[in-house]
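Written out below as structure tokens is the structure these notes cover.
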Amino acid sequence: MEYRSLGRTDLRVSAICLGTMTWGQQNTEAEGHAQMDYAFEQGVNFLDTAELYSIPPKAETQGATERIIGNWMKAKGNRDKVILASKVCGRNGFTWFRDGGVTPTLSRAHIRAAIENSLKRLQTDYLDLYQLHSPDRHVPQWGSNPTVYRHPEPAPDEVPIEETLAALDELVKEGKVRHVGLSNETAWGTMRFVAAAEAGKGPRVVSVQNAYNLLNRTYEVNLAEVSMREQVGLLVYSPLAQGYLTGKYQNGARPAGARTTLFNRGDRYETPGAHEAIDAYLAIAREANLDPAALAIAFATSRCFVTSNIIGATTLEQLKVDIAAADVIITSELEAKIDAVHQWRGNPCP
């Protein structure tokens, strides 16, 4: 397993990070423990979770994933061996996260309430990385067409970036958080956080966790340069495009137990042109005698701006393929074929 620096810190994280969001709904606690056991045996040292998980968001399962991880670390006595990342909700429409049934924001009060609850569920007194799950600002995302910009009206109570960063600074100084990061963020937002830190208003962000895969390479347009020049690396989520890049949903197939089959949440990867692009990438994998999942994961992991690739699986068999993809080399020939499809099909699933 390869290990990479997390931003400008002295933390070295595995190039493959174990995503956990299915634990508590699609996966039982025992299955989550088995996945962590296997991943750490293979050299993974990095876990990513969130107060939002498990997915899909539900009041009755909110926080379940953090509890499963906390129980595993307690049973193993291995907290010092785990680089643990979680997230505080950005502004969203769910009202069960905070007392009083209010909408979450990235204000000081909400961040402090969130971290205390996460630490309790995780049975630890600190997080190695605490991420803002999405901006407090209204920004185009979740499948928005990146070539068509619509400026959202700001919320009347929008929390300034400087206020959010100051709240995170308190957590770092108190020892509850070692480092901070962003998620579902834009280039403008990332640079505003960097500038605020350089002006002495709080800790410097070390990472951005955004979607990135063969069907959605929009991160390369602006954010990749930010990652390289500012050492704010990408933590990839959805490298398999919610499983669509494995081919299991092609031609309308709905395998038993698969996420889209269970929850009907695949709209982001069923856009015009997606089916044809997937077919083209599946053909490249066949020609190279590679599992399609291994090709997709290896491509994302191999990018120079990527710190770690967050993989998720619902079975140990899937997990074995996904982790083994860390050893797959994207040759110049493979890259040329991938880029040719990208030039032809673009980003059908932003």
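Data table
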item: Among [x] 62, 46, 40; [y] 53, 47, 38; [z] 76, 66, 38, the entry that matches Cα extents along the principal axes in Å as calculated here; result: [y]
item: Distance between the stretch 175-204 and the stretch 268-347 - C-alpha centres, whole angstrom; result: 30 Å
item: Net charge contributed by nearby residues that have their C-beta within less than 13 Å of residue 48 (K/R +1, D/E -1); result: -2
item: Cα-centred dipole magnitude for the stretch 3-345, charges only on beta-carbon of K, R (+1) and D, E (-1), debye, nearest 20; result: 320 debye
item: Whole-Hz ³J(HN,Hα) from phi, Karplus 6.51 cos²θ - 1.76 cosθ + 1.60, for the stretch 53-62, glycine and proline x; result: 6, 8, 10, x, x, 9, 4, 6, 10, 4
item: From phi via Karplus (6.51, -1.76, 1.60), per-residue ³J(HN,Hα) for the stretch 17-23 in Hz, x at Gly/Pro; result: 10, 8, x, 9, 5, 7, 6
item: Fully extended contour minus Cα-Cα distance, from residue 279 to residue 5, at 0.36 nm per residue; result: 95.1 nm
item: Residues whose placed amide H lies under 5 Å from that of residue 177, excluding near-sequence neighbours; result: 127, 172
item: Two-site FRET efficiency, residue 138 against residue 320, from Cβ-Cβ distance with R₀ of 56 Å, rounded to 0.05; result: 0.85
item: Ordering of 85-91, 54-60, 217-223 by packing [mean C-beta count within 10 Å, highest first]; result: 85-91, 217-223, 54-60
item: Within-13-Å neighbourhood charge of residue 184 [Cβ basis; K, R +1; D, E -1]; result: +2
item: Net charge over other residues, Cβ less than 15 angstrom from the Cβ of residue 194 (K, R count +1; D, E count -1); result: -1
item: Using alpha-carbon coordinates, inclination of helix 187-198 to the longest axis of the chain, degrees; result: 40 degrees
item: For the stretch 225-286: relative contact order, % (alpha-carbon pairs under 8 angstrom, 6 or more apart); result: 29 percent
item: Between helix 161-173 and the chain: long-axis angle, C-alpha atoms, 0 to 90°, nearest 10; result: 80 degrees
item: Share, in percent, of DSSP beta bridges within the chain that are antiparallel, nearest 5; result: 10 percent
item: Mean residue ellipticity (222 nm) of the chain, computed from DSSP H runs ≥ 4 via -39,500 (n - 2.57), nearest 500; result: -11000 deg cm²/dmol
item: Placed amide H near residue 155: partners under 5 Å, 5+ positions off or other chain; result: 138
item: Length-normalised contact order for the chain - Cα pairs under 8 Å, 6+ apart - percent; result: 18 percent
item: Placed amide H near residue 208: partners under 5 Å, 5+ positions off or other chain; result: 182, 233, 234, 235
item: Lysine-lysine proximity count for the stretch 3-345, Cα under 22 Å, sequence distance 8 or more or distinct chains; result: 21
item: For the stretch 323-329, 3J(HN,Hα) per residue [Karplus equation, 6.51 cos²θ - 1.76 cosθ + 1.60, θ = phi - 60°, Hz, x = Gly/Pro]; result: 6, 5, 4, 4, 9, 7, 9
item: Relative contact order of the stretch 68-163, defined on C-alpha pairs under 8 angstrom at six or more residues apart (%); result: 30 percent
item: Acute angle (nearest 10 degrees) that the helix 108-122 long axis makes with the longest principal axis of the chain, alpha-carbon atoms; result: 70 degrees
item: Packing rank of 33-40, 326-333, where each peptide gets the mean count of other beta carbons within 10 Å, highest leading; result: 33-40, 326-333
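We did not get these values from a lab; they are worked out from the coordinates using the rules stated. Since this is a predicted model, take the numbers as computed values, not measurements. Every residue, glycine as well, gets a Cβ built from its backbone with ideal geometry; the counts of neighbours run over all protein chains shown.
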